[in-house]
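Notes follow once the structure below has been shown.
The values are calculated or read from the model by the stated rules, or taken from the named source; none is laboratory data. Computed from a predicted model, the values in this text were never measured in an experiment. Here the Cβ positions follow ideal geometry from the backbone for every residue, glycine too, while neighbour counts run over all protein chains shown.
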Amino acid sequence: VFKRPDAADAGHPFLNFGARAVHFLLYVGIFAMMITGDSLDEAYGLENILAGNGTMPENLFVYPERAIHGYVGYVMTALVALHIGAAFYHQFIRRDNLISRMWFGK
C-alpha cells in the first residue's frame, strides 16, 4: 500500500551522509530519552508522584540521571531543529518538493 520513495538527494555527499546520521540519531535519542527517564523514575521512586502518592522533589538536578536525561533532551532539540531546517532547505532552496513526498501515497 505504501511505497517508500527513494532517499532525497541533498546535492552533496556530505549532506547526504548528514541526513542519514541525523535520522539515525533521532531514533537513538528517542530510546535514550525513554531509558534515562525510566532509570530516573525507577531509581528515585518518581512513579509515586504520577500515581498521586507523593510530592515533587524541590530539585531534580541533584539526581545524576536527570543530568543525562537533560543533555539528551538538549541534543534531541538540536536534532529536531536541524531536521526541520533541512526540510525547509529541500522545500524552499532546492525546490525538490520533499515535503509533498512525505504525505500518504505521494
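Condition check ((1) in a helix (DSSP H, G or I); (2) at pLDDT 80 or above; (3) not polar (S, T, N, Q)) across all residues:
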| residue | (1), (2), (3) |
| --- | --- |
| SER39 | yes, yes, no |
| ILE49 | yes, no, yes |
| GLY54 | no, no, yes |
| PRO57 | no, no, yes |
| GLU65 | yes, yes, yes |
| TYR71 | yes, yes, yes |
| VAL75 | yes, yes, yes |
| ALA81 | yes, yes, yes |
Point to revise | Search result, residues across the range 73-106 that are among the polar types (S, T, N, Q) and under 16 Å from GLY11 (Cα atoms) | key: GLN91, ASN97
Review point. Which one is farthest from LYS3 (Cα to Cα) among residues in the range 90-105 that are touching a residue at least 40 places away in the same chain (Cβ under 8 Å) and not aliphatic (A, V, I, L, M)?
Key: ARG94
Revision key, fill the gap. Being loosely packed, with under 14 Cβ neighbours inside 10 Å, touching a Phe, Trp or Tyr at 6+ places or on another chain (Cβ under 9 Å) and without any contact (Cβ under 8 Å) to a residue 60 or more places away in the chain narrows ALA43, ALA21, ALA81 down to just ALA43
Check your understanding: Which of (1) in a helix (DSSP H, G or I); (2) touching an Asp or Glu at 6+ places or on another chain (Cβ under 9 Å); (3) surrounded by 15 or more Cβ atoms within 10 Å (Cβ to Cβ) is the odd one out, the single condition ASP96 does not satisfy?
Key -> (1)
Practice item. Report yes if PHE17 is over 19 Å from PHE88 (Cα atoms) and assigned to a helix (DSSP H, G or I), otherwise no. Key: no
